[in-house]
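Working notes, structure below.
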Amino acid sequence: MRNLSGQSKKIDLGGQEIVYCLRSSARAKCLRVAIKPGGEVFAVKPRFLPDFLVERFLRQKSGWILDKIADLKNKKNLLARGCRADFLRHAKPARDLVLRKIGKFSQTYQFDFNRVSIRDQKTRWGSCSRRGNLSFNYRIALLPDRLADYIVAHELCHLKEMNHSRRFWDLLAVALPDCKLRRRELKNY
């Protein structure tokens, strides 16, 4: 299990021994639990919160945690760290795909952007900077076409709305009326 500079701890949930990573953060305002693809469990707590309250919370949410672990152990994790050869093999096809899709969505969104880059990102499919730079994960080339459409249109909409407000989702829905459905589908990858 990755540690992410936290403590590795164990807890019994529903008769199963679960290993989780617990990290304290000065910036955390409340306890947060996440289950990553592969079934890894991470908890981040405010520094002032005692560990026994974390365990109590995990036990209260044991049904959800166990269901999520079982579900995510079976899902593909395309964002898992690949090797340099994977990046080199897929970067050009990913760039070609992204540029083609930007051309497609430019008919709907006539936004100006600065630069497009393809990267090996661990946790994101894409991003948009305030300077208008668009960045995409090379693994976009491995996704079904409709999900690649979603990622490109999503980042293009951030050129106009740098948040996930209602205006952002309304703007995205102009090109992709089923954007919320596609967003849920993307979580499977």
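Values as computed for the structure displayed
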quantity	calculated
Residue list for the stretch 86-124, restricted to those being outside any strand (DSSP E or B), within 19 Å of the chain's Cα centre (by Cα) and at pLDDT 95 or above	Ala94, Val98
Residues that are surrounded by fewer than 16 Cβ atoms within 10 Å (Cβ to Cβ) and hydrophobic (A, V, I, L, M, F, W, C), drawn from the stretch 143-171	Met162, Trp169
Selection count, the stretch 116-128, where residues are in contact with a helix residue (DSSP H, G or I) (Cβ under 9 Å, 6 or more places away or on another chain) and either of a type in the set (Val, Ile, Thr) or surrounded by fewer than 18 Cβ atoms within 10 Å (Cβ to Cβ) (or both)	7
Top-ranked residue in the stretch 125-142 [being without any contact (Cβ under 8 Å) to a residue 24 or more places away in the chain and assigned to a loop (DSSP other than H, G, I, E, B); ranked as nearest to Val98 (Cα to Cα)]	Asn133
Sole residue being surrounded by 17 or more Cβ atoms within 10 Å (Cβ to Cβ), in a helix (DSSP H, G or I), among the aliphatic types (A, V, I, L, M) and modelled with pLDDT under 90, chosen from Ile35, Ile65, Ile69	Ile69
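The values are calculated or read from the model by the stated rules, or taken from the named source; none is laboratory data. Just so you know, these numbers come straight off a predicted model, no measurement behind them. Ideal geometry is used to build each Cβ from the backbone, glycine not excepted, and the neighbour counts take in all protein chains shown.
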